Amino acid sequence: MSDSTSSARQFNAHADQYAASEVHRSGPSLPVLIAFAAPTPDDVVLDVATGTGNTALALAPCVSRVTGLDLADGMLAHARDRAAREGIRNAQFQIGSAEQLPFPDASFTLVTSRHAPHHFRDLSRFLAEAARVLTPGGRLVIADQVSPTPHLQPWIDAYQRRRDPSHFAQRTALEWRDLAERAGFRWAEETLVPYRLDFAWWTAQSGSSPEAVQELRKMVASLTPDEQAAIGAEFSTDGQLLAHVDQMMVVRLEKQ
Ligand SMILES: C[S@@+](CC[C@H](N)C(=O)[O-])C[C@H]1O[C@@H](n2cnc3c(N)ncnc32)[C@H](O)[C@@H]1O
């Protein structure tokens, strides 16, 4: 299945749950991303893979205008409704791909993407496109989940994909840095924000079948204690998986 088909299908099917999710609407990576972005009234912003507009609409009151781009029209419909409800007039939303941004060169001063690049099939292409549409000195601010080690990445990708087939790759912070520097960005500031995800909520939100839930539980049980600690797995006293912790990397990249 292609990138666009897989992500658009997954997110269109679960757009209502996503729009209602507090973790995504105002979860702890959002204020960190905004602090790293340091938005100003002159900024012209592109929010890539905007979904229901959580990041775009948080930035809108601080900037000149913001465009939210996403593959899933069902997610964008929620973003437009919310902008109208909240009286936000300087935000617009349109369909498009992170790997082929439908904008001229140097058209934005700030590009953001939150909780989304792990869906992108070609991260280098997205980074090159972000560099292309930014003005010289522009900022790219990312919040996305990273793997604690390269060793755990294949397991994490299989675990995440079993729950959400549109998951593609949960890269390490080091791989991110390498790819970003190759695309011509300076790695300016970085931090990790932990997200504790309740297992029952996390699987219900994506509509996981009872079989998928059992498989996910077995996958976590198959890890060594050190590996379970690395993904922040928590168990009840009778050994039931309760939660795991995703590490959200927030980073500001500056176009050289
Ligand atoms: C988890 S949501 C993130 C939403 C939002 N950024 C936020 O802060 O809540 C991921 C979004 O990425 C979109 N997406 C996935 N791959 C994409 C791509 N290659 N280009 C554009 N959007 C993409 C999906 O349609 C989905 O709406």
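Please report the antiparallel percentage of the DSSP beta bridges confined to the chain, to the nearest 5. Roughly 55 percent of the DSSP beta bridges within the chain come out antiparallel.
Enter the angle in degrees (range 0 to 90, nearest 10) between the Cα long axis of helix 73-85 and the first principal axis of the Cα atoms of the chain, meaning the one along which they spread out most. Taking the Cα atoms of the chain, the angle to 73-85 is about 60 degrees. Comparing GLN100, GLN92, GLN160 in a Gaussian network model of the chain where C-alpha atoms under 10 Å apart are linked, the largest mean-square fluctuation is found at GLN100. When the chain is described by a simple charge dipole with +1 on each Lys and Arg Cβ and -1 on each Asp and Glu Cβ, the residue from PRO165, LEU140, VAL66 located farthest towards its positive end is VAL66.
Considering Cα pairs under 8 angstrom that are at least six residues apart, work out the relative contact order of the chain and quote it in whole percent.
Relative contact order comes out at 20 percent.
P(r) tail, the stretch 1-142: Cα-Cα pairs separated by more than 20 Å, 41% of all pairs.
Once C-alpha pairs closer than 8 Å and six or more residues apart are averaged by separation and normalised to the residue number of the stretch 11-66, the relative contact order reads 36 percent. Applied to the stretch 128-145, the Karplus parametrisation 6.51 cos²θ - 1.76 cosθ + 1.60 on θ = phi - 60° returns per-residue 3J(HN,Hα) values of 5, 5, 4, 5, 4, 7, 7, 6, x, x, x, 10, 10, 10, 10, 10, 7, 6 Hz, with x for Gly and Pro. Could you work out how far the C-alpha centroid of the stretch 236-256 sits from that of the stretch 102-156, in angstrom? What the calculation gives is 18 Å, centre to centre.
Report, as a whole number in µm² per second, the diffusion coefficient that Stokes-Einstein gives for the stretch 152-256 at 4 °C and 1.567 mPa s using the Kirkwood radius over alpha carbon pairs. Translational diffusion coefficient: 85 µm²/s.
For the stretch 84-115, backbone nitrogen atoms closer than 12 Å to the point 7 Å from THR40 Cα along Cα-to-C-beta are found at 109-110. Phi angles across the stretch 181-191 convert, under the Karplus curve 6.51 cos²θ - 1.76 cosθ + 1.60 with θ = phi - 60°, into 3J(HN,Hα) values of 5, 4, 7, x, 9, 8, 7, 8, 7, 9, 8 Hz, Gly and Pro given as x.
No value in this document is a laboratory result; all are computed from the given coordinates. Since the structure is predicted, the reported quantities are computational estimates derived from the model, not experimental observations. Using ideal geometry, Cβ is built from the backbone for each residue, glycine included, and neighbour counts are taken over all protein chains shown.
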